[in-house]
Amino acid sequence: MLVSQSSPYAANAVASAQEHALLERRARLLGPTYRAFYRNPIHLVRGRGVWLYDAQGRKFLDAYNNVASVGHCHPRVVEALSGQAGTLNTHTRYLSEIILDYAERLLGSLPPHLGHAMFTCTGSEANDLAIRIAQHSSGGTGVIITDFAYHGATIATAQLSPAAVGAKGVPAQHRTVAAPDTFRDHGRAAHDFARNVAAAIEDMRAQNIRPAALLLDSAFSSDGIFFPEASVMREAADHVRKAGGIVIADEVQSGFGRLGQGMWGFANYGLEPDIVTMGKPIGDGHPMSAVIVRPQLVSSFGSNTGYFNTFGGNPVAAAVGIAVLDVIESEGLIENARVVGAYTRDLLDSLQGRHGMVANVRHNGLYFGVELTAGSDEALAASKTSSVVEAMREDGVLISSCGPRGNVLKIRPPLPFARDNAEQLAETLDRALSNW
């Protein structure tokens, strides 16, 4: 078909050609391990608040990225970053007030038993360091994780990420347990979670493996997004401590007000973790992360092993981190997560009544798991879930999916998400579900 250069068909054809050229260049330069989101990848050029813009100026509602936790390119964060970058940026072997100011602010948001902050650059690094500390302080080697967890991309954390490497990629000294699934079998897996942790500890002992830690994502993000009863989580933590291990709360997904009940997801369960790890939302997109620990855990580790990270805790990262905390507080983003999250949940619940394939809606603050089913056909449910994600992308709303069966819609917008954004999300999801 011949088209005029001024027609929308011509614009789409040009865009398609540009994106195809980018994909070819990407494959040639970056290799096969980098995978783009969506069948029709988006060429993003700009972000602001809860919005992302492609090369043709099309606006997308971001209902997925917790990296830009306080909104894409928040002016206060950008100002802090550029101002400090224009003044000084070096590492923590020199004296600097700003990193101490940041450590005080961050520690002040956590329970008082967590007294030391150690800074890294990514969530993977944070979890890697936490595992090192746990193994050193406990004298054990075995770590317990959920069976479709994701905790990072270093050697140590990838081996504790069956979502990435599969069950066979988890070393023999570690143990996986079923995630506390609150939906299937009337929530039996959730009720059995603490018992399964205890069984994993006994199995370790039978193999002469000493437990080192229980590593938990407070939202069970890769497992399908679950929020089990607090008593079960506390009981699981007690089993680990009685066995000489420690509890690590991975707050990369659930921290910084995401769950709308305070700053930290572990607090929803009344847990007192020995180590807390954080990443992604800590810097609103700037590469930074942290490990927060009980002081007694690192007294021996610090003197015998030591720790240094060239970029972890640099002045620019500290300035960004302070700005993020300021924005969360001054803009009331935790309360916004609670209020808008509840409103969004109601909208999603109404979709469950309209669409038979919506089997379950799980929610805490601005974190949602919408489980889709197709009777007993898990492959069909996964295919439909993928199609819904793709349909929403074409309709201007970005979400993703998760879970071992690939049938849970993962909805996790930036914290400034508003009621009208929630309405757009629900309306777009309604249209996508109506196709099935």
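Largest first, what is the accessible-area ranking of 202, 371, 329 with a 1.4 Å probe?
Values: 202 100, 371 0, 329 140 Å².
Ranked from most to least accessible, the order is 329, 202, 371.
What Kirkwood radius, in Å to one decimal, follows from the Cα pairs of the chain? Show your work: numbers first, answer last.
Details: mean 1/r = 0.0439 Å⁻¹.
Value: 22.8 Å, from the Cα pair sum.
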Note to self: For Cα pairs less than 8 Å apart in space and 6+ apart in sequence, what is the mean separation divided by the residue count of region 281-414, i.e. the relative contact order in percent?
What the structure shows: 16 percent
Item checked: Sequence of 168, 242, 384, 59 when ordered by accessible area, the most exposed leading, probe 1.4 angstrom -> 168, 242, 59, 384
Notebook entry, point to check: Which value, in debye to the nearest 20, gives the size of the charge dipole of the chain about its Cα centre, when Lys and Arg are +1 and Asp and Glu are -1 at the Cβ?
Noted result: 780 debye
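If you average the sequence gap of Cα pairs under 8 Å that are 6 or more apart and divide by the length of region 195-324, what percent do you get for the contact order?
Relative contact order of region 195-324: 19 percent.
Of all accessible surface on the chain at a 1.4 Å probe, what whole percent is carbon and sulfur? Working shown, then result.
Numbers: 9880 of 19230 Å².
The value for the chain is 51 percent carbon and sulfur by accessible area.
Compactness ratio of region 320-436: Cα Rg over 2.2 N^0.38 Å, N = residue count? Mind showing how you got there, number by number?
On the way: Rg = 15.1 Å, N = 117, 2.2 N^0.38 = 13.4 Å.
Dividing the Cα radius of gyration by 2.2 N^0.38 Å gives 1.12.
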Notebook entry, point to check: Tell me which lysines have Cα within less than 22 Å of residue 280's Cα, excluding those fewer than 8 residues away on the same chain?
Noted result: 410
Margin query: How are the alpha carbon pair distances in region 380-436 distributed across 5 Å bins from zero to the largest one, expressed in percent?
Written below: 4, 20, 29, 25, 15, 6, 1
Notebook entry, point to check: Can you put 434, 137 in order of accessible area, largest first, using a 1.4 Å probe?
Noted result: 434, 137
Next item on the list: Tabulate in residue order the Karplus-calculated ³J(HN,Hα) for region 418-429, using 6.51 cos²θ - 1.76 cosθ + 1.60 with θ = phi - 60°, rounded to whole Hz; enter x for Gly and Pro.
Entry: 10, 4, 5, 5, 4, 5, 5, 4, 5, 5, 5, 5
Checklist line | Calculated from backbone phi, Karplus (6.51, -1.76, 1.60) coupling profile of region 348-365 in Hz, x at Gly/Pro | finding: 5, 4, 5, 5, 4, x, 8, 10, x, 6, 7, 8, 7, 10, 10, 7, 7, x
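Under the classification rounded if a/c is under 1.5, otherwise prolate if a/b is larger than b/c and oblate if not, where does region 24-93 fall, given a ≥ b ≥ c as square roots of the Cα gyration tensor eigenvalues? Provide the component values of the computation, followed by the final result.
Details: a/c = 2.41, a/b = 1.41, b/c = 1.71.
Note, shape of region 24-93 comes out oblate.
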Next item on the list: Within region 84-121, list the chymotrypsin sites (Phe, Trp or Tyr not before Pro) lying in a DSSP loop whose Cβ has at most 12 other Cβ atoms in a 10 Å radius.
Entry: 94
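With the Cα gyration tensor of region 208-345 giving a ≥ b ≥ c as the square roots of its eigenvalues, does the rule (a/c under 1.5 for rounded; else a/b larger than b/c for prolate; else oblate) give rounded, prolate or oblate?
Values: a/c = 2.38, a/b = 1.13, b/c = 2.10.
Oblate is the answer for region 208-345, as a/c is 1.5 or above yet b/c matches or exceeds a/b.
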Next item on the list: Using Cα centres only, tell me the gap between region 297-315 and region 74-118 in whole Å.
Entry: 16 Å
Next item on the list: Hey, can you grab everything whose amide H is under 5 Å from the amide H of residue 400? Only 5+ residues off in sequence or another chain; H modelled, so Pro and N-termini drop out.
Entry: 410
Check: Given the convex hull of the Cα atoms of region 122-274, what is a quarter of its surface area in nm²?
Finding: 8.2 nm²
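The values are calculated or read from the model by the stated rules, or taken from the named source; none is laboratory data. Given the structure is predicted, the values throughout are model-derived calculations rather than measurements. Ideal geometry is used to build each Cβ from the backbone, glycine not excepted, and the neighbour counts take in all protein chains shown. Heads up: the accessible areas ignore ligands, DNA and RNA and are worked out on the full protein's heavy atoms, side chains in. Shrake-Rupley method; radii C 1.70, N 1.55, O 1.52, S 1.80 Å.
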